[in-house]
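Written out below as C-alpha cells is the structure these notes cover.
What follows draws every value from the coordinates through simple rules; no lab data is involved. Note that the structure is predicted; figures quoted are calculated from it, not measured. Note that we place each Cβ from the backbone using ideal geometry, even for glycine, and neighbour counts take in every protein chain shown.
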Amino acid sequence: MKHAEKTAQDCEQVTVAERITVTLVPKAAASLASLRERTQLSKTDLVNRGISLYDFIDAEVAAGATVRIDRADGSGSEVRFL
C-alpha cells in the first residue's frame, strides 16, 4: 500500500502517558523555577526534557562517550554524572 493510500486508522498514533507525583528537594525546585522563567516552558515540558536528556547522556556515557562543556571564552571542562 502506498503512503497516500493509508487510512486514518493506519495513521492513528498511540499516545502513552504516565502521571507521577514528585517531591523536589529545594535546589531542584529553585532550578525548575529558574528554568521556567528563562525558557517560558511548563513544568511538565521541563521535566520531560530533563528525563530525555538524562537518558541520552546516560546511554552515551555507558557507551564510552564523555560530556564536555566548552565556553565562548575558551575555558571548558568534562562533566561527570554521579
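Summary table
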quantity	calculated
Hz values of 3J(HN,Hα) by residue in segment 56-70 - Karplus curve (6.51, -1.76, 1.60), Gly and Pro given as x	4, 5, 4, 5, 5, 5, 4, 8, x, 6, 10, 10, 9, 10, 10
Semi-axes of the equivalent ellipsoid for segment 21-79, Cα gyration tensor, largest first, Å	24, 17, 11
Per-peptide average of other Cβ atoms within 10 Å, ordering 38-48, 72-82 highest first	38-48, 72-82
